[in-house]
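Everything on this sheet refers to the single structure shown next.
Just so it is clear, none of the values below were taken in a lab; they were calculated from the coordinates. Please read all numbers here as calculations on a predicted model, not as lab measurements. Using ideal geometry, Cβ is built from the backbone for each residue, glycine included, and neighbour counts are taken over all protein chains shown.
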Amino acid sequence: MTNALPRHIAVIDIGKTNAKVVLVDAASESQLGVRSRPNSVLNDAPYPHADVEGLWTFILDSLGELHREHGVDGISITTHGATAALMAGDQLALPVLDYEYDGPQASDEAYDRARPAFAETLSPRLPNGLNLGAQIFWQSRAFPEDFSRVTSILTYPQYWAWRLTGLLASEVTSLGCHSDLWAPEQSDFSSMVDAQGWRALFPAIRPAASVLGPILPRLAGLTGLAADTPVTCGIHDSNASLVPHLGRDEAPFTILSTGTWAIAMTVGGDTTNLDQSRDSLANVDAFGRPVPTARFMGGREFDTLVQTIVTPSEVDIAAVIERDVQALPTFAPGVGPFAAGRGRWTVAAEGLTDGERTAAASLYLALVARECLDLCGLGRSITIEGPLARNALFGAALATLADRPVHASGDGTGTSLGASLLFGGQPAHEQHDRPIAPLAHPGFADYARRWYERAKASSFVPMN
């Protein structure tokens with residue numbers, strides 16, 4: 001940690017769908033400027049991979065522009081999980097694999113024998129490359145010559161920290177993100193890491209809330225930033241959403257971090273109800289503590305369900321509830337609490353208005369989110385971070401379903417604020433959070449009951 005808190009902090013925030021550089025004023029917790037671009041996947045050989053050079057150009061251009069406009073005093077980093085860079089010295093040994101690629105499934109049988117038990121890692125077996133260990137296992141066997149050149153394995157936030165500072169580090173929030181690589185109760189690498197001979201490839205672990213080093217002199221020259229501009233070690237994005245709340249709220253409390261994924265995390269919750277078959281797991285917070293978590297691909301599913309987003313009227317909401325218009329899980333196969341389900345509508349969706357379709361999709365997300373809370377634990381309060389904080393119907397429905405105080409975060413993206421707080425300082429943004437009134441429609445309770453009956457029957461999930 002630095003002695004003086006940087007005032008203007010540029011947060012590099014790489015989500016699965018979009019990449020941003022957000023300039024946060026540490027004093028007011030306001031966003032002074034934002035640059036964004038799609039986080040596109042390159043589909044050329046040897047497998048679908050991240051466009052790291054395109055992102056790098058975007059990051060440097062954005063830092064330079066924001067510095068010229070407002071001044072940048074520090075840089076923090078947050079990214080999506082299930083991603084790593086295999087380094088050969090100061091080059092990539094292999095491209096940064098896209099976790100949605102199904103190539104790692106070619107090693108499924110061998111990997112299932114090699115991966116640790118859920119009791120050790122609290123990490124469920126996930127499809128494609130969502131277990132980072134499965135990616136590395138597959139890469140080591142599919143590309144043995146390239147893998148033999150690997151000198152270090154960097155989780156994704158720390159890859160960008162290395163590009164900015166030239167310094168190598170590991171960090172627990174990314175290592176503990178359903179990776180199979182970390183044993184959260186032991187605060188150490190899992191038995192598989194040693195069995196595969198990978199431990200020496202991971203650099204020393206540094207706290208997320210630490211300054212890794214100053215920006216490289218060459219980059220200071222390119223961007224105009226001061227040569228001593230500090231850079232944090234970096235943090236996994238949904239864990240960044242927790243940072244403003246750690247030590248502030250009375251545990252247990254739930255943060256629902258939303259974007260491509262909707263990730264419910266209950267700080268101070270119990271891990272005993274986690275179900276590895278239903279996409280629930282333990283994340284690891286910035287202090288290395290297990291946090292029971294359940295998730296589904298809420299943003300991705302909403303985009304599938306809704307072609308034209310409008311704010312649904314009271315008439316739209318009533319029509320959906322009274323006509324029993326329901327979307328049933330799941331529209332992101334293989335993930336979420338209804339991973340075995342196949343998404344469908346109970347009516348012909350083509351006949352719905354845009355308002356009705358948006359209303360039905362918003363209620364669908366609230367119902368799935370409520371199921372997640374049975375897995376990760378229901379906190380005394382729920383705070384919604386990210387895009388779904390702006391969906392009033394989603395929040396109102398969740399408040400009714402959970403029967404707990406629900407707040408919409410006043411920060412446009414909890415990840416950016418949380419990442420900025422890695423430099424220190426005391427978050428005060430609870431004053432900006434907006435309480436959400438529960439949905440009062442008299443037919444909603446029966447609507448929800450019918451939805452759960454259908455969802456659980458079609459997904460072969462036992463009734464609780």
Computed label-point distance, nm, for sites Ala204 and Thr304 using a 7 Å Cα→Cβ extension: 4.5 nm
P(r) of the chain in 10 Å steps, Cα pairs, percent per bin? 4, 21, 31, 26, 14, 3, 0
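Excluding Asp279 itself, calculate the net charge of residues whose Cβ lies under 12 Å from the Cβ of Asp279, where each Lys or Arg counts +1 and each Asp or Glu counts -1. List each step's numbers first, then the result.
On the way: positive: Arg125, Arg278, Arg295; negative: Asp275, Glu371.
Net of charged neighbours comes to +1.
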PRE reach from Glu69 (point 7 Å along Cα→Cβ): which of the range 23-48 fall under 15 Å by backbone N? 23-25, 30-37
I'd like the trypsin sites (Lys or Arg not before Pro) in the range 44-144 restricted to DSSP loop residues with at most 16 other Cβ atoms within 10 Å, sorted by number. Arg125
Suppose each label sits 7 Å from its Cα in the direction of the beta carbon; what would the Asp188-Arg149 distance come out to in nanometres? 3.4 nm
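Kyte-Doolittle mean at least 0.5 and Cα extent at least 27 Å along the axis: which DSSP H helices of the chain qualify? Before the final figure, lay out each step's value.
Details: long enough: 354-376 (33 Å, 0.48).
The qualifying helices: there are none.
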Using amide H atoms built in the peptide plane, which far-off residues or other-chain residues are under 5 Å from Ile77 H to H? Ile12, Thr232, Gly234, Ile235
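So, R0 is 35 Å and r is the distance between the beta-carbons of Glu250 and Ser277; what FRET efficiency does that work out to, to 0.05?
Values: r = 31 Å, r/R0 = 0.90.
Once rounded, the FRET efficiency stands at 0.65.
What's the exposure ranking of Ser148, Ser36, Ser210, going from fewest to most Cβ atoms within 10 Å?
Values: Ser148 10, Ser36 14, Ser210 17.
Lowest count first: Ser148, Ser36, Ser210.
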Sorted from fewest to most neighbouring beta carbons within 10 Å, what does the list Val34, Val150 look like? Val34, Val150
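Return the percentage of antiparallel bridges among DSSP beta bridges fully within the chain, rounded to the nearest 5 %.
On the way: 48 of 65 bridges.
The answer is about 75 percent antiparallel.
What is the sum of charges around Asp44, taking Lys and Arg as +1, Asp and Glu as -1, for the other residues whose C-beta is under 14 Å from the C-beta of Asp44? Before the final figure, lay out each step's value.
Numbers: positive: none; negative: Asp51, Glu53, Asp98.
Here the count lands on -3.
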Amide H neighbours of Ala19 under 5 Å, counting only residues 5+ apart in sequence or on other chains, H built in-plane at 1.01 Å? Arg37, Asn39
Starting from the Kirkwood Rh over alpha-carbon pairs, what translational D in µm² s⁻¹ does the range 239-459 have by Stokes-Einstein at 10 °C and 1.306 mPa s? 91 µm²/s
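Using packing as a proxy for protection, rank 212-218, 271-277, 290-296, 153-159 so that the peptide with the highest average count of other Cβ atoms within 10 Å comes first. Don't jump to the answer; show the numbers that get you there.
On the way: 212-218: 17.1, 271-277: 15.1, 290-296: 26.3, 153-159: 27.9.
Going by the mean number of other Cβ atoms within 10 Å, highest first, we get 153-159, 290-296, 212-218, 271-277.
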If you stretched the chain out fully between Arg390 and Arg344, how much longer would it get, using 0.36 nm times the residue separation minus the C-alpha to C-alpha distance? 14.0 nm
Just the Cα atoms of the range 8-233, one point each, no solvent: what log10 I(q)/I(0) does Debye give at q = 0.15 Å⁻¹? -0.98
